[in-house]
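The values are calculated or read from the model by the stated rules, or taken from the named source; none is laboratory data. What you are looking at is a predicted structure, and each value in this text was computed from that prediction instead of being measured. Positions of Cβ are backbone-derived with ideal geometry, glycine not excepted, and every protein chain shown enters the neighbour counts.
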Amino acid sequence: MKIMDFLNEKAISADLKSNTKEGVIKELIGLLAEAQVIKDKEQLIKILLEREALGSTGIGQGVAIPHGKSDTVKQLVAAFGLCPNGVNFDSLDGEPVYIFFLLVAPEDSAGPHLKALARISRLLKDKYFRDTLRAAKDEKMILKIIKQEDARK
């Protein structure tokens, strides 16, 4: 599975403005709404915040993968955002988060959802990939970096 199989090219931001967990989630869901790949923005925000209440999706090393399942999507979709100043996301390592992949899967799709989470986590374990993403200045550069990484692995 490649990241470009589910990452919506119109749902990428190199400059998230929010400085709170809830704000970042709302901003990323907003990108998916603008790209017209989700139906009910408010329901999705609620689902993702409920998931965060169970335990942070901040996996450490400046990365978070907020995710959830909803019948508002027909297939797995993702948004990507960079937050240059970092956000306190209650990460496992206590560090701020700069890189966000937000995933939304249909209710009945365990397989693709888990494969996508595994793929993203595997790629983001690579310090060079994380540093390259963080240094990206715009959405085009982010897309290019992700496509190059998809082609390599």
By residue number, the members of the stretch 44-63 that are closer than 21 Å to SER109 by Cα and touching a helix residue (DSSP H, G or I) at 6+ places or on another chain (Cβ under 9 Å) are LEU44, ILE45, LEU48, LEU49, GLU52, THR57
Would you check which residues across the stretch 107-135 are within 16 Å of the chain's Cα centre (by Cα) and outside any helix (DSSP H, G or I) and list them?
-> LYS125
Only one residue in GLU52, GLU42 is outside any strand (DSSP E or B), free of Cβ contacts under 8 Å to residues at least 40 places away in the same chain and either over 14 Å from the mean Cα position of the chain (by Cα) or under 20 Å from GLU149 (Cα atoms) (or both), so which one is that?
-> GLU42
Do any residues in the stretch 126-141 that are within 20 Å of GLU9 (Cβ to Cβ) have Cβ atoms under 6 Å from those of residues that are modelled with pLDDT under 95 and surrounded by 14 or more Cβ atoms within 10 Å (Cβ to Cβ), where the two are at least six apart or on different chains, and which pairs are they?
-> PHE129/LEU123; PHE129/GLU149
Has the stretch 92-105 got at least one residue that is surrounded by 15 or more Cβ atoms within 10 Å (Cβ to Cβ) and part of a helix (DSSP H, G or I)?
-> no
Of the residues SER91, SER70, which is closer than 28 Å to GLN148 by Cα and among the small types (Gly, Ala, Ser)?
-> SER91
May I ask you to say which residue of GLU107, GLU95, GLU149 is in contact (Cβ under 8 Å) with a residue 60 or more places away in the chain and out of contact with any Pro (no Cβ under 6 Å at 6 or more places or on another chain)?
-> GLU149
